[in-house]
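Below: one structure, written as structure tokens.
The values are calculated or read from the model by the stated rules, or taken from the named source; none is laboratory data. What you see is a predicted model; the values in this text were computed from it and never measured. Because the Cβ atoms are built from the backbone with ideal geometry, glycine has one as well, and the counts that use them run over all protein chains shown. Remember, those area values only see protein heavy atoms, side chains included, never the ligands or the DNA or RNA. Shrake-Rupley method; radii C 1.70, N 1.55, O 1.52, S 1.80 Å.
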Amino acid sequence: MAYKVDPRKNWAAVERRIAVEADPLIRANLACIARHAQAEAAADFPALMATVSKQAAYTSFTGAGAEAN
């Protein structure tokens with residue numbers, strides 16, 4: 001399968017940005033994005049969810065009567 005964004009290495013650009021970013025808050029946010037992408041690519045659900053806000057709300061649109069998950 002040809003990907004426009006390869007999910008197996010999409011964190012590489014984020015890591016390049018971390019290497020040159022001086023602001024510690026931005027670096028921390030970028031590091032969280034990189035961990036999220038790596039966990040997603042590895043199908044590591046616990047690690048993935050560790051990068052998401054505890055107040056996050058997800059909605060699944062599966063047709064009529066879809067409810068928030």
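A few comments on the model shown:
- Packing, taken as the mean count of other beta carbons within 10 Å per residue, orders the peptides 23-31, 9-17 from highest to lowest as 9-17, 23-31.
- Ligands, DNA and RNA left out, the accessible area of the chain computed with a 1.4 Å probe is 59% carbon and sulfur.
- With the simple spin-label model, which puts each label point 7 Å out from Cα in the Cβ direction, the Arg16 to Phe61 separation comes to 3.2 nm.
- Taking every protein chain into account, the accessible area of the chain amounts to 81 square angstrom per residue (probe 1.4 Å).
- Just so you know, the Rg over Rh for the chain is 1.08, from Cα atoms, with Rh as the Kirkwood radius.
- Crossing angle, helix 24-41 versus the chain [Cα axis fit, 0-90 degrees, rounded to tens]: 50 degrees
- Distance between modelled label sites at Ala41 and Tyr3, nm, 7 Å Cα→Cβ extension: 0.7 nm
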